[in-house]
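Values in this text are rule-based calculations from the coordinates and carry no lab data. Predicted model, so just to flag it, every value in this text is computed and none were measured. With ideal geometry, Cβ positions are generated from the backbone for all residues, glycine too; neighbour counts draw on all protein chains shown.
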Amino acid sequence: MSLELWDAVDRYTAGLLVGEDEVLEQALAASNEAGLPAIAVSPNQGKLLHLLARIHGASRILELGTLGGFSTIWMARALPPEGRLVTLELNPAYAAVAERSIELAGLSELVQIRIGPAGESLRALLQEGTERFDLVFIDADKQSTPEYFELVLELCRPGGLILVDNVVRDGAVVDPATADAGAQGMRRFLELAAAEPRVTATTIQTVGSKGYDGFVLALLEP
Ligand code: DHB
Ligand code: MG
């Protein structure tokens, strides 16, 4: 088993079930041209986010870590016409790339990009008394995931869904002495989630074009 094979299977299955999409391909091309890191979710994972949002009937979605807007577009396409997606991005240059791609996707009316440290944006959303979210996708700097998770608990509605990307990190998550600060962040996040009575959750390990990683799917108890 190898990355080459995982990638081939990802391409084969996405070729059949996800298909080609000019808007999303443009979003990836724009990200590459602007020098953004190539760490967006894969097409199969983007489709999973889209399907989960639809299955859940989400009309308010919060994303931490916009990057070039690839996952943003996938999730925003799951929204009803009166829906809303708020996406948080630290880097103004990344946000500018995402904004253009979201516009080309015809989704600008549904999507708000907030620029700045995600912790600050989350606290601002709380202070504004923003309506709670049905689905939250946490995919920003990995070491801050525990802090983000605690804030997101206050912003997500009871019965809401919280997805956390990059929990496994090539298996580094099982090593208490790992030098990977992101994996340390994920260990602290997993311990927090385990101790949180409001949440019931599971971890899915994944292989594919992005290698070996995984995500947590957590339901805030109704
Ligand atoms: C990295 C970040 C991600 O969100 C991801 O899905 C993969 C890699 C990274 O920072 O290396
Ligand atoms: Mg990620």
State the number of residues belonging to the range 187-222 that are touching a strand residue (DSSP E or B) at 6+ places or on another chain (Cβ under 6 Å), among the aromatic types (F, W, Y) and within 17 Å of D175 (Cβ to Cβ). 0
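Of all residues in the range 131-141, which are within 21 Å of V199 (Cα to Cα), of a type outside the set (V, I, T) and either within 13 Å of ligand 2 (Cβ to nearest atom) or touching a Phe, Trp or Tyr at 6+ places or on another chain (Cβ under 6 Å) (or both)? I'd like the intermediate steps shown before the answer.
Looking only at the range 131-141, we keep the residues that are within 21 Å of V199 (Cα to Cα), and these are 131-140.
From the residues that got through so far, the ones that are of a type outside the set (V, I, T) too are 131-135, 137, 139-140.
Across the range 131-141, the qualifying residues are F137, D139, A140.
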For the range 74-94, how many residues are touching a residue at least 40 places away in the same chain (Cβ under 8 Å) and either in a loop (DSSP other than H, G, I, E, B) or under 11 Å from the mean Cα position of the chain (by Cα) (or both)? 4
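Of everything in the range 164-184, what is outside any helix (DSSP H, G or I) and away from ligand 1 (no atom under 16 Å from the Cβ)? Give them in sequence order.
The first filter runs over the range 164-184 and keeps only residues outside any helix (DSSP H, G or I), leaving 164-168, 175-180.
Within the range 164-184, D175, P176, A177 meet the criteria.
When the residues of the range 53-76 are narrowed to those that are more than 14 Å from L135 (Cα to Cα) and either of a type outside the set (V, I, T) or in contact with a strand residue (DSSP E or B) (Cβ under 6 Å, 6 or more places away or on another chain) (or both), which ends up surrounded by the most Cβ atoms within 10 Å (Cβ to Cβ)? Explain how you work it out, then say what you get.
First, the residues of the range 53-76 that are more than 14 Å from L135 (Cα to Cα): 65-70, 73.
This time we only want the ones that are either of a type outside the set (V, I, T) or in contact with a strand residue (DSSP E or B) (Cβ under 6 Å, 6 or more places away or on another chain) (or both), so: 65-70.
Details: G65: 24, T66: 28, L67: 25, G68: 30, G69: 33, F70: 25.
If we take residues in the range 53-76 being more than 14 Å from L135 (Cα to Cα) and either of a type outside the set (V, I, T) or in contact with a strand residue (DSSP E or B) (Cβ under 6 Å, 6 or more places away or on another chain) (or both), then G69 is surrounded by the most Cβ atoms within 10 Å (Cβ to Cβ).
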In the range 1-37, residues that are surrounded by fewer than 11 Cβ atoms within 10 Å (Cβ to Cβ), out of contact with any Lys or Arg (no Cβ under 8 Å at 6 or more places or on another chain) and not polar (S, T, N, Q) total 11
Inside the range 95-146, can you point out the residues that are within 16 Å of ligand 1 (Cβ to nearest atom) and either of a type in the set (D, E, K, R) or free of Cβ contacts under 8 Å to residues at least 12 places away in the same chain (or both)? D139, D141, K142
What's the number of the only condition in (1) away from ligand 2 (no atom under 14 Å from the Cβ); (2) touching a helix residue (DSSP H, G or I) at 6+ places or on another chain (Cβ under 8 Å) that M75 fails to meet? (1)
When the residues of the range 185-206 are narrowed to those that are part of a helix (DSSP H, G or I) and within 14 Å of ligand 1 (Cβ to nearest atom), which ends up surrounded by the fewest Cβ atoms within 10 Å (Cβ to Cβ)? G185
Lone unmet requirement of (1) under 26 Å from E89 (Cα atoms); (2) not in a loop (DSSP other than H, G, I, E, B) for I39: (2)
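Yes or no, residue by residue, for (1) within 22 Å of R54 (Cα to Cα); (2) within 16 Å of ligand 2 (Cβ to nearest atom); (3) aromatic (F, W, Y); (4) within 14 Å of the chain's Cα centre (by Cα):
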{"site": "R123", "(1), (2), (3), (4)": "no, no, no, no"}
{"site": "L126", "(1), (2), (3), (4)": "no, no, no, no"}
{"site": "G129", "(1), (2), (3), (4)": "no, no, no, no"}
{"site": "Q143", "(1), (2), (3), (4)": "no, yes, no, no"}
{"site": "F149", "(1), (2), (3), (4)": "no, yes, yes, yes"}
{"site": "V152", "(1), (2), (3), (4)": "yes, yes, no, yes"}
{"site": "R157", "(1), (2), (3), (4)": "yes, no, no, no"}
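Every residue in the range 25-42 that is in contact (Cβ under 8 Å) with a residue 60 or more places away in the chain and touching a Gly at 6+ places or on another chain (Cβ under 9 Å), please. Write out each step before concluding.
Let us first name the residues in the range 25-42 that are in contact (Cβ under 8 Å) with a residue 60 or more places away in the chain, namely 26-27, 30-31, 34, 36, 39, 41-42.
Passing the criteria: A27, A30, S31, A34, L36, S42.
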